[in-house]
Amino acid sequence: DEEFNELCFEFGLELDEITSEKDIISKEKGEEKAKGASDTVLYKIDVPANRYDLLCLEGLVRGLQVFKERINLPRYEKIIPALGEGQRLIITEETVQVRPHAVAAVLRNITFTKERYDSFIDLQEKLHQNICRKRALVAIGTHDLDTISGPFTYTAKAPSEIKFKPLNQSQEYTASQIMDLYRTDSHLRHYLHLVENKPLYPVIYDSNGVVLSMPPIINGNHTKISVNTRNVFIECTGTDITKAKIVLDIIVTMFSEYCEKPFSVEAAEVVYPNGKTHICPELAYRKEKVKPELINKKIGISETPSSLAKLLTRMCLKSHVTGNGNNIEIEIPPTRADIIHACDIVEDAAIAYGYNNIQMTIPKTYTIANQLPLNKLTELLRLDLAAAGFTEALTFALCSQEDIADKLGMDISATKAVRIANPKTAEFQVARTTLLPGLLKTIAANRKMPLPLKLFEISDIVVKDPNTDVGARNYRHFCAVYYNKSPGFEIIHGLLDRVMQLLEVPPNEKNGYTIKATEGSAFFPGRCAEIFARGQSIGKLGVLHPDVITKFELTMPCSALEINIEPFV
């Protein structure tokens, strides 16, 4: 297991965990539910989202074998049948409104086993979730070619005109009934919206009118593939032709190794409404040239061109040195749709070289880093507030509307709060406009602790500001609360004096700080003061109103102080 973990890391993957179905179920639902689940060891491997060729066991093993230099990269071959013998997929113009594109191919004389068959179905599911964007861009259909006869027609019809027996069902339904049937299906209901409101639904027929599939929802039961299937017809329909071609390439390259002639795919002909024909799959190999010095410079190594070519060949990018060693010619196989630019090739060379083998160097540029003045002031204040006997808290930057408005006796419109458009929970609806609720919630969660509770926090609050480019502005606030059997206004007042002393702001009106009696909705009448420093209002301090205290589920008096520290930077 450790060796495999190491190998995954070297190849740029991550072995997430080694587990079993039983373990997973008992972790999520408890041991009772896990009884009878399989004990088979499962490896959870994290694959980067751009490497579609590693999404199934076949591709992963092939990639690792090439990486370990145990096998050479296979050459994928497209076999074009004699004229009139190949399969044809005719696209009609009705599909333009719904899903205009389709590609197809055939895997001939394939030998499935239970494991291979499961992997084949699994790969389609993973591609659907990943590059196909939950079937919105591409939907894959695989059919037993021996149960149908071509040419095939890809068209679109009114839902009431489409009637067939869907996969694993015992009777025929019209397309509208199928929609109703799957509305409660935990797996398929997520795809219904893709065609539901369209006047026509896409559908594929064979020459005898047998329905192969109604993409992107469900295949017909007639063409269902099984472990005994020998010839597989694969069709991918979609709204994005490039993605459809990539998906088809991945499926046929991964599973053509089980064909009688390994790594060979029988091509199919696709006829477009305008009469043009295309041969699919593309299985295009292309050549790219990259200078060895570019690779060395970008990674920070100094390898010879021939060793760089060898590194790239181990990453399934067959490479050789050309022209006196000043260029590397790389052949990009059809499995590597993720290679778009030279930097993708450089990245693969770096993975093969091994990130841990790159020598760490001090950057050539000479710059002196400096802390942001606001953060420096925050750090200094935190230390001294802790020395004054207060405990620091870190609370969430998001809170509910009630926390900053109703519970503090304010109206939400007066807070200028920034709202989250589609909040996941009621706890996180708005960005906080004051730090006080967070501290009061912290006290409520720690009522069992011995009194007094003295907490502080220095963090950002967010308010709407139409004058900024993003429409909101952050302010660094400092908030402290004192919670005890008596309100302790003098303790909070003392803390304010200490903070001002640290900031070297003298207690006078001209260029220092003063406090003036005021009223605040969250504070007890006659027990609230506004703090002015250098002529501007920076915050309030006072004893909290009993209503506020009970709304936060507290039972003792509490005094609080909150100021904006940005004017002191």
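Checking each residue in the range 401-441 for being surrounded by fewer than 18 Cβ atoms within 10 Å (Cβ to Cβ) and either polar (S, T, N, Q) or not assigned by the TED database to the domain that holds K454 (or both) picks out Q401, S413, N422, T425. Among the residues making up the range 336-351, those that are open to solvent by less than 10 Å² (accessible area, probe 1.4 Å), within 18 Å of Q65 (Cα to Cα) and touching an Asp or Glu at 6+ places or on another chain (Cβ under 9 Å) are R336, A349.
Rundown of residues vs (1) aromatic (F, W, Y); (2) modelled with pLDDT of 90 or more, yes/no style:
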{"site": "L137", "(1), (2)": "no, yes"}
{"site": "F164", "(1), (2)": "yes, yes"}
{"site": "N168", "(1), (2)": "no, no"}
{"site": "P202", "(1), (2)": "no, yes"}
{"site": "D206", "(1), (2)": "no, yes"}
{"site": "I241", "(1), (2)": "no, yes"}
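Going through (1) buried (at least 16 other Cβ atoms within 10 Å of the Cβ); (2) in contact (Cβ under 8 Å) with a residue 60 or more places away in the chain one by one, K224 falls short only on (1). Taken over the range 155-190, the residue count meeting the criterion of being in contact with a Pro (Cβ under 7 Å, 6 or more places away or on another chain) and aromatic (F, W, Y) is 1.
Considering the range 352-373 alone, what residues qualify as being hydrophobic (A, V, I, L, M, F, W, C) and farther than 23 Å from V66 by Cα? If the condition is that a residue be hydrophobic (A, V, I, L, M, F, W, C) and farther than 23 Å from V66 by Cα, then M360, I362, I368, A369, L372 are the ones that fit. Please tell me if K245 is of a type in the set (K, R), open to solvent by 20 Å² or more (accessible area, probe 1.4 Å) and in a loop (DSSP other than H, G, I, E, B). No: the conditions fail for K245.
Can you name the residue in the range 187-218 that is part of a helix (DSSP H, G or I) and in contact with a helix residue (DSSP H, G or I) (Cβ under 8 Å, 6 or more places away or on another chain) and is also surrounded by the most Cβ atoms within 10 Å (Cβ to Cβ) among such residues?
L188
Checking each residue in the range 395-428 for being assigned to a loop (DSSP other than H, G, I, E, B), without any contact (Cβ under 8 Å) to a residue 60 or more places away in the chain and under 25 Å from the mean Cα position of the chain (by Cα) picks out F396, V418, I420, A421, N422, P423, K424, T425, A426, E427, F428. Looking for something within 22 Å of I241 (Cα to Cα), at pLDDT below 95 and over 33 Å from the mean Cα position of the chain (by Cα) - is there at least one such residue anywhere in the range 111-121? Within the range 111-121 (the criterion being within 22 Å of I241 (Cα to Cα), at pLDDT below 95 and over 33 Å from the mean Cα position of the chain (by Cα)), the answer is no, since none of the residues qualifies.
Residues checked against (1) over 27 Å from the mean Cα position of the chain (by Cα); (2) in the same structural domain as I339 (by the TED database); (3) farther than 11 Å from A105 by Cβ:
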| site | (1), (2), (3) |
| --- | --- |
| I217 | no, no, yes |
| K224 | yes, no, yes |
| R230 | yes, no, yes |
| F233 | yes, no, no |
| D240 | no, no, yes |
| I250 | no, no, yes |
| T253 | no, no, no |
| V270 | yes, no, no |
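It is to be established whether one or more residues within the range 13-31 are modelled with pLDDT of 90 or more and surrounded by 18 or more Cβ atoms within 10 Å (Cβ to Cβ). Looking through the range 13-31, at least one residue is modelled with pLDDT of 90 or more and surrounded by 18 or more Cβ atoms within 10 Å (Cβ to Cβ). The set of residues from the range 557-569 being among the hydrophobic types (A, V, I, L, M, F, W, C) and open to solvent by 50 Å² or more (accessible area, probe 1.4 Å) comprises just one member, V569. One residue stands out in the range 281-300 among those that are touching a Leu at 6+ places or on another chain (Cβ under 7 Å) and not aliphatic (A, V, I, L, M): the one that is surrounded by the most Cβ atoms within 10 Å (Cβ to Cβ), namely P281. Residues that are touching a residue at least 60 places away in the same chain (Cβ under 8 Å), more than 23 Å from K376 (Cα to Cα) and out of contact with any Phe, Trp or Tyr (no Cβ under 8 Å at 6 or more places or on another chain) are absent from the range 495-512. Can you spot a residue in the range 37-45 that is farther than 24 Å from I340 by Cβ, of a type in the set (K, R) and under 24 Å from the mean Cα position of the chain (by Cα)? Within the range 37-45 (the criterion being farther than 24 Å from I340 by Cβ, of a type in the set (K, R) and under 24 Å from the mean Cα position of the chain (by Cα)), the answer is yes, since at least one residue qualifies. Here the range 528-559 is the region considered, the condition is being modelled with pLDDT of 90 or more and among the basic types (K, R), and the residue that is farthest from T442 (Cα to Cα) is K540.
Search the range 360-397 for residues being modelled with pLDDT of 90 or more and among the polar types (S, T, N, Q), and hand back the single one that is farthest from C479 (Cα to Cα). Residue satisfying both the conditions and the ranking: N375. Taking the residues in the range 321-335 that are free of Cβ contacts under 8 Å to residues at least 40 places away in the same chain and not in a loop (DSSP other than H, G, I, E, B) as candidates, determine which candidate is surrounded by the most Cβ atoms within 10 Å (Cβ to Cβ). By that ranking, first place goes to I328. Of the residues in the range 130-139, not one is more than 32 Å from the chain's Cα centre (by Cα) and not basic (K, R). Checked against (1) out of contact with any Lys or Arg (no Cβ under 8 Å at 6 or more places or on another chain); (2) among the hydrophobic types (A, V, I, L, M, F, W, C); (3) open to solvent by 50 Å² or more (accessible area, probe 1.4 Å); (4) closer than 28 Å to I246 by Cβ, L372 passes all but condition (4). Residues in the range 131-186 that are within 22 Å of V271 (Cβ to Cβ), of a type in the set (G, A, S) and open to solvent by 20 Å² or more (accessible area, probe 1.4 Å): S149, G150.
With respect to L383, determine if the residue is assigned to a helix (DSSP H, G or I) and under 30 Å from L435 (Cα atoms). So L383 passes the test.
The values are calculated or read from the model by the stated rules, or taken from the named source; none is laboratory data. Every value quoted in this text rests on a predicted model; they were computed, and no experiment measured them. Cβ sites come from the backbone with ideal geometry, for glycine too, and all protein chains shown count toward neighbours. Side chains included, ligands, DNA and RNA excluded: accessible areas come from the protein's heavy atoms. Shrake-Rupley method; radii C 1.70, N 1.55, O 1.52, S 1.80 Å.
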